[in-house]
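Undergrad: Would you mind keeping the following structure in view while I ask a few things?
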Amino acid sequence: PKHTYIIYIILYGEMEIASEIHHDDAIRQDHLFVTAVLPPAAIITLTKEYVTVVIIRTAYSKLQLRVQYVENYPSNCPIIELSSPTLPMALLRTKEKECIEKASTVLGQPQLRVIYDHLYSFMHTNMFVSCWKEMKQLAALCEGKASVSVDEKEGLILLKTVCKGYSQQFKLKVPYMYPEEGLQIEFGASSFPQEIQYMYHAQACEVVRRCVAGISAEQATQLSQSTAPKLPPQKTSSKGEPVLKITQDNLKILKRDVNVLKQITDLRAATQSKGSHSSQASEITSERREARKELRRLAQSESTAEVELKRQLQQQEEEAMQQLLRCKLSDTALPSLLPAVNFLLMQFALTLPAELCQACNQPVLPNRSVTNPSSGSNSSSSSGSAQAELQQQRPMRAICGHWLHHSCLDRMLTTPPFGKTCSVCADQRRIWHPDWSEDPRQLEKAWQCKQARLREMADVSDFMGMS
C-alpha cells in the first residue's frame with residue numbers, strides 16, 4: 001500500500017506497535033487517502049478542520065460524510081455527521097454510532113479510511129438502502145402473517161404465507177435503480193389454481209407500473225377492471241447472467257494486447273537461445289542485444305500506454321461521478337415495494353382462502369382437507385362427478401372484484417331480474433363477467449328461449465302421459 005498506517009519496531013525480537021501518529025501527520029494521511037481514492041467531484045471540503053465527501057450509488061442512495069477533527073485526534077475519535085436527502089434519520093444516527101465503533105478500533109492511527117470503507121460497503125452492497133423505510137414497514141406488515149427472508153446483497157425478499165391450507169411463496173427483487181425501476185415479482189410454489197395465480201401476478205405487476213408512473217398507492221391498488229385470466233407466460237431462462245457487451249474498442253485493445261504478448265514471448269525466446277557452434281557466437285550475441293533493445297522499447301511503450309489508459313479511466317470516473325451528483329430525484333416515480341406486498345398479502349394470499357361466495361355464502365375455494373372418494377367399483381363415475389362438481393364450483397371473480405362460484409354466478413346472470421347489483425359494493429356496482437353477455441337484453445332473451453323450451457318439453461310430456 002502507498003500509505004502505511006501502522007509502524008512496527010522490532011524490539012528484543014518482538015513486534016510492537018509504534019507510538020501514536022502526530023495530529024498533523026494523521027490528518028495528512030487522511031487527506032492523501034481521500035485524494036487517492038475519491039474522484040475530485042466527490043470531495044466537497046478537505047481542510048485541517050474537517051473533511052466532507054459524498055458516497056453515492058444512485059440519486060436515491062446518496063450519503064454525505066463529514067468528519068470534524070478534534071484537538072487530540074487521532075488519540076480520540078473525530079466527530080462524525082451523516083446527512084442524506086433520502087435516507088431516514090434513524091438509520092443515519094445508527095450508522096454514526098457504527099462509525100464511531102469502527103474508529104475506536106484504530107485509535108492512535110488515521111481513522112478516516114476505516115470510517116469511509118464501512119459506509120462505502122454499506123451503500124454499495126446493501127440493495128435495500130433506497131427502500132429502507134419500506135423494509136421496516138414490510139416487517140411490521142408481515143409480523144404474524146408471513147415468514148420473511150431477505151438477501152441484502154442481491155436485493156431479494158422471499159415471502160411465505162399459509163392460510164386455511166393454501167400456501168403461497170413470493171420472490172421479490174429490488175432493482176438497482178429503485179424506485180425509478182419497479183419491483184420485480186415472481187410467484188413461487190403455490191397451492192392456488194394457476195389461473196388465479198396468473199390473474200393476481202398480472203395485477204400486482206400493474207400496481208408496480210402505476211407506482212412507477214406516479215400514481216398514489218391507494219389508486220394503484222384498486223382492483224383491475226379486467227377479470228379474464230391471462231395465459232401462462234412462456235418459460236424463459238431466469239438465471240439473470242450478465243451479458244458481456246463486445247465493442248470495437250474492446251476488440252482493438254484485446255488484439256493489441258495479444259500482439260504485444262506474442263512479441264515479448266518471441267523476444268524473450270531470442271534472448272535465451274543458445275548457439276551450438278563457436279562460429280555462431282557473435283551472430284547470436286548480436287541477436288540477443290537487438291532483442292533486449294526491442295524488449296525494453298516495448299516495455300516502455302506499454303508503460304506509456306498504461307499511464308494513458310489510467311488517465312482516461314480516471315477521467316471517465318470523474319465524469320460518471322459528476323453525472324451521479326447532478327442526478328435528481330424523479331418527479332413521478334413513487335415507491336412500489338410496500339403497495340405491491342400489501343396487495344399480494346391483504347387482497348390475495350391471506351384473504352382469498354377465506355372469501356365467501358356472494359350468492360351462497362360458502363367459501364369460494366374448495367376445502368383442501370377434503371379428499372374425493374375414488375375407491376370401489378364406482379370409482380370412475382365418482383371421479384367424473386367430482387370433476388363436474390369442481391367445475392361448477394370453480395371460483396370466478398366478477399367485474400366488481402368479488403368472488404362467486406361458477407354455478408352461482410351463472411344463476412345470478414342468467415335468471416331474472418337481470419342486471420343485478422353487488423350487495424357488498426358500496427356503490428352497488430353491477431355484477432358481470434366477460435364469459436357472459438354484457439347486454440341484459442340478450443341474457444333475458446336467452447332465458448325466455450330456455451323457458452319456452454322447458455314449456456314445450458313439459459307439454460310433450462303431458463301429451464305422452466310421461467309426467
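The values are calculated or read from the model by the stated rules, or taken from the named source; none is laboratory data. Everything numeric in this text was worked out from a predicted model, so none of it was measured. Note that we place each Cβ from the backbone using ideal geometry, even for glycine, and neighbour counts take in every protein chain shown. Ligands, DNA and RNA are excluded from the accessible area calculation, which covers all protein heavy atoms including side chains. Shrake-Rupley method; radii C 1.70, N 1.55, O 1.52, S 1.80 Å.
Undergrad: Of L334, L413, which has the most accessible area with a 1.4 Å probe, and how do the rest follow in descending order? Could you put the intermediate results ahead of the total?
TA: On the way: L334 65, L413 15 Å².
My answer, sorted largest first, is L334, L413.
Undergrad: Measure of size requested: the Rg and Dmax of segment 152-206, with Cα atoms as the atom set and Å as the unit; please supply both.
TA: 12.5, 38
Undergrad: Another question, if that's okay. Arranged from highest to lowest average of other beta-carbon atoms within 10 Å per residue, in what order do the peptides 26-38, 299-311 appear?
TA: Per-residue mean Cβ counts within 10 Å order the peptides as 26-38, 299-311.
Undergrad: How much of F192 can a 1.4 Å solvent probe reach, expressed as accessible area in Å² and rounded to 10?
TA: Number for this one is 10 Å².
Undergrad: Next question, about the same structure. Towards the positive end of the charge dipole of segment 38-172, with charges on Cβ (+1 Lys, Arg; -1 Asp, Glu), say which of M123, P78, C163 has the farthest Cα.
TA: Of M123, P78, C163, it is C163.
Undergrad: Also: Carbon and sulfur: what percent of segment 65-168's accessible surface (1.4 Å probe)?
TA: Details: 2690 of 5150 Å².
The C+S portion of the solvent-accessible surface of segment 65-168 is 52 percent.
Undergrad: So, by mean Cβ neighbours within 10 angstrom, what's the order for 76-88, 445-457 with the highest one leading?
TA: Answer by packing, highest mean first, reads 76-88, 445-457.
Undergrad: Between L309 and I100, what FRET efficiency comes out of the Förster formula 1/(1 + (r/R0)^6) with R0 = 45 Å and r the beta carbon distance, rounded to 0.05?
TA: The value I calculate is 0.65.
Undergrad: Hey, could you get me the Stokes-Einstein D for segment 97-207, Kirkwood radius over alpha-carbon pairs, 20 °C and 1.002 mPa s, rounded to whole µm² s⁻¹?
TA: Roughly 129 µm²/s, to the nearest whole number.
Undergrad: Let me ask something else. Step through the residues of segment 437-450 one at a time and calculate ³J(HN,Hα) from phi using the Karplus curve (6.51 cos²θ - 1.76 cosθ + 1.60, θ = phi - 60°), rounding each to whole Hz and writing x for Gly and Pro.
TA: 5, 7, 8, x, 5, 5, 5, 5, 5, 5, 5, 4, 5, 5
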